[in-house]
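Trainee: One structure, as structure tokens, below. Some questions next.
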Amino acid sequence: MPICTSCGQENPEGFRICGMCGSDLVQAGPERRKPATLVFCDLSGSTALAERLDAEAVREVQLAYFQEMRAALERHGGTVEKFIGDAVVAAFGVPVAHEDDAVRALRAAAEMRDRLAALNDDFERRYGARLALRIGVNSGEVVAGDPRAHETFVTGDPVNVAARLEQAAQPGEILVGEPTIRLARDAVEAEPIEPLTAKGKSQPVPAYRLVRVQPDGTARARPHRAPMIGRDSELLRLSSTFAHAVEAGSCRTCFVVGEPGVGKSRLVEELLHALGDLVRPLGGGCLSYGEGVTYWPLAEIVRSAARLASSDDVETARSRVGALVASEPRGDAIAAALADVLGIGSGVSTAAEIAWAARRLLESLASAGPLLVVLDDLHWADEPLLDLVEGLSADPPSGPILVVGLARPELLETRPWPAIRLEPLEDEGAAQLVDSLLRNAPLDERSRRRAVAAAGGNPLFAEELVAMLLEDPQAEIPPTLDALLSARLDLLPPAEREAAERGAVEGAVFHPGAILELSSSAPDVAAALAGLERRALIAPVESWLAGEEAFRFRHILIRDAAYRGVPKRLRSELHERYADWLERAAGDRVAEYAEIVAYHLEQAFRYLEELGPVDVRGRALALRAAAELVGVGERASARGDSGAAASAYASAIELNGPEAAGRARLLAELGWTRFETGDIEGARSALAQAASSGDEVAAARAAIAAVTLRLSTESGSGTVLRDQALAAVPVLEEAGDELGLARAWRAVGNVALLQLGLGREAAEA
């Protein structure tokens, strides 16, 4: 049994702290020399505030300040060493190093400043004062101890320089040492200041004032793992289309289609690299799952354009969206529709209103310079989004805008748009790609030839094959990319494999907090993700959740391979736990992600259903998922997305079961939305079930829908149809069903106008 060295108490196996006195039972790690980035932060104005406030009020201010600073630092992977007075000291790279620790530290520093700005609104309201931060950031080699040993955490000259930078900063400034600027490079914008004369330093210390940290920049604009090969004509076509958009001052659209891994995203990256500062990039990707996530790519574009922080509350987010289009005619209406897209609006906009708002947003943004808008995975898009994109081609918005849609070839089966088709590389190109990936790596000629042959001209397959062979030159080359990715996952250490599988449950983009929530123990998630990133299986992306980092699988097929390794019963449990976690993590912005919550709950039930008779937990899951899907259907129907609404209602009805309360009314809504999508037989079936259910309100709604359906699809007695619609009115009035009444009177008016020729009666209805 572990014995506490502080009090002598014996503790059970597995205890990390003493149950008697709380001291650490885990033996402290050895000191090490290692690179790190240090952040020193101090408050300006707190002394004057303390002079006129009660001690308890001062403590409340300090606790709120420390909590926000800690959250910002730990969100980016920093370790808080200590709080002293108003000062905060933290280290990045200790105890776990990352290749982008300098960038993480600067992002954390910028976020600390932003968080204090939000706190200041409360401080000013309550105490009539605002505070400011002075921050210093510096990098270098330090001697790092273990904080559990209750000794000095990090020591060395870089620590002293970080402290001097903080002392020299003006209120609101972030001063950065030259080593950190060198490490961060392309991820930051900074301006040099006069070198500092620092106590104890024989030479002036070069320093920079931080202006901005790129939200998705890496420490270096690193070259691609291999040059792009065999795509010159496709790149020229994209570049020419962009030039035409700029010359004409109006939007152009271009679509790139190809099989997974063939290089669609890489082609766009090369275009962005070629255009450089000539263009502002915006983009978003369609989700492969969930009902009602129709406008997810547009939401991503709005978030990026408005620079919405994951920590912004709803009112702040609405304000920033409004600021995007404040100068536009009807800017309030545009902002309202865009807020509805984000799930933070006060109403529900129709598909036409959203398309109009998207067009006006692009025109407004393009007035400041050319735009490159990238819409990824369009083969997963719902019809309203595809209609929106098609509208950009048919009636181009004004302004220099190039919209590039990326998709698999199946998109063209339903939308036969002109497109650039990417085919696999020819043998010569595939060999060049493999050689460029290998460079001077020790791989024998036989393995090289096998890799070229197995890749089949697919660049992603080639990259993954080479990565696998460099790890194990004797590895057997799998026959397909799918098998290759599975084999690569089998080579991962257990902690990294578990992290990949848990991330795959969330989706193509995932969050460390979710992985920790879904893991079987308390793993070192940061270390596992660093390993996956080092192996080029994942990459960091900007998070849309407050207090969370985010990562994206480098390719959706990597995610799929990881997900397949999870047993179905465990998948069910993990999907349910993820839905719970997302609801907590999203806070007051959970409405933005209701469709995703519904998807995960439904998946949790479906896997249980596949494994045998559903138990009590399974029924509870089904009912919970159904309730979420009803909400999804109502929102989709209100905005005119009848396809998404019908799908959500159908799933909710199935999940609820045949005896569920409210089933008949859902059937009536399903019939209505199926009719709106053109599924006439499906509509008739659902309406017939609602009409015979014994629920008077559902039957009345079904009758109105049936009148509307008959009016649109067949000739008949106008008097009979009018009487059927009028008969439903008293039932709907007694139930207070305003939506049903609106449909009823519209049906009466349409019958009067279209079949009876009674214009006055139609107007009255």
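The values are calculated or read from the model by the stated rules, or taken from the named source; none is laboratory data. Model, not experiment: these values are computed from the prediction. All Cβ positions, even for glycine, are placed from backbone atoms using ideal geometry, and neighbour counts span all protein chains on display. We work out accessible area using only protein heavy atoms, side chains counted, and drop any ligands, DNA or RNA first. Shrake-Rupley method; radii C 1.70, N 1.55, O 1.52, S 1.80 Å.
Trainee: Name the aspartates and glutamates eligible as straight-distance cross-link partners of residue 264: C-alpha to C-alpha under 17 Å, and not fewer than 8 places from it in the same chain.
Mentor: 232, 234, 376, 377, 410, 423, 426, 463, 464
Trainee: While we're looking at this one, here's another question. Sequence-distant or interchain residues sharing an amide H contact under 5 Å with residue 44, placed H: which?
Mentor: The list, which skips near neighbours in sequence, is 132, 133, 134.
Trainee: Here's something else I'd like to know. How much of the calculated P(r) for the range 247-288 lies past 11 Å, in percent of all Cα pairs?
Mentor: Here the tail beyond 11 Å accounts for 77 percent of pairs.
Trainee: Using θ = phi - 60° and the Karplus form 6.51 cos²θ - 1.76 cosθ + 1.60, what ³J(HN,Hα) does each residue of the range 635-644 get, whole Hz, x for Gly and Pro?
Mentor: Values, residue by residue: 5, 5, 5, 5, 8, x, 8, 5, x, 5 Hz.
Trainee: Do any trypsin sites (Lys or Arg not before Pro) in the range 240-323 lie in a loop, going by DSSP, with at most 16 other beta-carbon atoms within 10 Å of their beta carbon, and if so which?
Mentor: Those that pass, being in a loop and sparsely packed, are 307.
Trainee: Okay, next question. Relative contact order for the range 510-563 using alpha-carbon pairs under 8 Å, separation at least 6, rounded to a whole percent?
Mentor: It rounds to 32 percent for the range 510-563.
Trainee: Non-local amide H neighbours of residue 188 (under 5 Å, H modeled in plane, Pro and chain starts lacking H): which ones?
Mentor: 214
Trainee: Moving to a separate point now. Which of rounded, prolate or oblate describes the range 564-665 when judged by the alpha-carbon gyration tensor and an a/c cut-off of 1.5? List each step's numbers first, then the result.
Mentor: Values: a/c = 1.95, a/b = 1.20, b/c = 1.62.
Oblate.
Trainee: Starting at the first residue of the range 360-375, write each ³J(HN,Hα) from the Karplus equation 6.51 cos²θ - 1.76 cosθ + 1.60 with θ = phi - 60°, in whole Hz, x for Gly and Pro.
Mentor: 5, 4, 4, 4, 5, 5, 5, 5, 9, x, x, 10, 10, 9, 10, 10
Trainee: Please list, or write none, the aspartates and glutamates whose alpha carbon is within less than 17 Å of the alpha carbon of residue 568, excluding same-chain residues fewer than 8 places away.
Mentor: Here the aspartates and glutamates satisfying the reach criterion relative to residue 568 are 498, 501, 506, 560, 576, 602, 609, 610, 615.
Trainee: If you stretched the chain out fully between residue 55 and residue 235, how much longer would it get, using 0.36 nm times the residue separation minus the C-alpha to C-alpha distance?
Mentor: Extra length from residue 55 to residue 235 when fully extended: 58.3 nm.
Trainee: Rule-of-thumb check for the range 67-137: C-alpha Rg over 2.2 N^0.38 Å?
Mentor: 1.18
Trainee: Would you kindly derive the ³J(HN,Hα) couplings of the range 582-594 from the backbone phi angles with the Karplus curve 6.51 cos²θ - 1.76 cosθ + 1.60 (θ = phi - 60°), listing them in order in whole Hz, with x for Gly and Pro?
Mentor: 5, 4, 6, 5, 6, x, 6, 9, 5, 4, 4, 10, 4
Trainee: Return the long-range amide H neighbours of residue 256 (sequence gap of 5 or more, or a different chain), with a cut-off of under 5 Å between placed amide H atoms.
Mentor: 405, 406, 407, 420
Trainee: Kindly provide the GluC sites (Glu not before Pro) of the range 529-629 that DSSP labels as loop, not H, G, I, E or B, and whose Cβ sees at most 13 other Cβ atoms within 10 Å.
Mentor: none
Trainee: Same structure again: May I ask you to work out the translational diffusion coefficient for the range 262-412 at 4 °C, viscosity 1.567 mPa s, via Stokes-Einstein with Rh from the Kirkwood sum over Cα pairs, reported in whole µm²/s?
Mentor: The Stokes-Einstein estimate is 82 µm²/s.
Trainee: Quantify, in whole percent, the carbon and sulfur part of the accessible surface of the range 562-686 (1.4 Å probe; protein heavy atoms only).
Mentor: In the range 562-686, the share of accessible area belonging to carbon and sulfur is 53 percent.
Trainee: If DNA, RNA and ligands are ignored and the probe is 1.4 Å, what is the ranking of 600, 273 by accessible area, most exposed first? Write down the numbers at each step before the final one.
Mentor: Values: 600 0, 273 145 Å².
Result of the area sort, largest leading: 273, 600.
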